[in-house]
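The values are calculated or read from the model by the stated rules, or taken from the named source; none is laboratory data. These numbers were taken from a predicted model, which means no experiment stands behind them. Here the Cβ positions follow ideal geometry from the backbone for every residue, glycine too, while neighbour counts run over all protein chains shown. Accessible surface is based on the protein model in full, side chains and every heavy atom, while ligands, DNA and RNA are left aside. Shrake-Rupley method; radii C 1.70, N 1.55, O 1.52, S 1.80 Å.
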Amino acid sequence: WAAMDYLGEAGIGSTAWSDKKIGMPMFPTWPWVVSNTGDLDLLGRQKAQSLARDVVWGVSPLEIAVLRPMPPGMYEHVSVWGWSDEHQRWTWPGFEGQLLIVRVYTRGNKVELYINEKIMASKTLAANDPLPLEFQVPYAPGSLEVIAYGDGAEMGRRRFDTAGAPAAIELTPEHPTGLAQKSRLYFLW
């Protein structure tokens, strides 16, 4: 339908949280301003659904994404045109020790998941196993790495590292006096 997110039809591809396991809340309003249905975000970056399709179409042997952490007792509800709120990052400050869901998309038949170079999970897949694979692992700053194997040989590896603290932000006014500069517009007819 839409390869890239767009402004308008705000939230038709949204996700929402509630304390109920079933049911879909109505489309949200503010702060949603985009449809959230495209494979690419407004900046042209691939979203999780696009990465999953890359695996299905044989473009990539392995992709991983982390479901945005939810408060305890909450459940994610995805709209009809949406996709889970998954991200390609391992930076979740304030969620240390909380179980996070890591989703693995692969055509391989074995997967190993490491946090800070320590194996946390391993799974050998059968042909009828549902995809994506889901692992619940405790969040710890550092690195998340997943390795996929096909018939014993490594076929793909993905790694996310926790971002460090921001270094600095410097803002410089265009005009040091703070006054808007006068300009003139001329129209030619």
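Charging the Cβ of each Asp and Glu at -1 and of each Lys and Arg at +1, and nothing else, the dipole of the chain about its Cα centre rounds to 180 debye. Summarising the label geometry, the points placed 7 Å from Cα in the beta-carbon direction at A168 and K21 lie 5.4 nm from one another. Simple rule: put +1 on each Lys or Arg Cβ and -1 on each Asp or Glu Cβ in the chain, find the dipole, and look at S14, P166, G142; the Cα lying farthest toward the positive end is S14.
Dipole orientation for segment 29-123: of the candidates G97, L62, S79, L62 has the Cα lying most toward the positive pole (charges on Cβ; Lys, Arg +1; Asp, Glu -1). Calculated accessible area for the chain comes out at 66 Å² per residue, all protein chains present (probe 1.4 Å; ligands, DNA, RNA ignored). Quick check on the chain: take the gyration tensor over C-alpha atoms, sort the square-rooted eigenvalues as a ≥ b ≥ c, and tell me if it's rounded (a/c under 1.5), prolate or oblate. The shape class here is prolate. For a modelled paramagnetic label at R53, 7 Å from Cα along Cα-to-Cβ, the residues of segment 133-166 in reach, with backbone nitrogen under 20 Å, are 133. Extension gain, L42 to H87, is 14.7 nm, computed as 0.36 nm per intervening residue step minus the present C-alpha separation. Annotation for segment 40-112: trypsin sites (Lys or Arg not before Pro) lying in DSSP loop with at most 16 further Cβ atoms inside 10 Å of their Cβ are R45, R89, R107.
Here the accessible area is traced with a 1.4 Å probe on the protein chains. For the chain, carbon and sulfur cover 59 percent of it. W83 contributes an accessible area of around 80 Å² to the protein surface, as traced by a 1.4 Å probe with all chains present.
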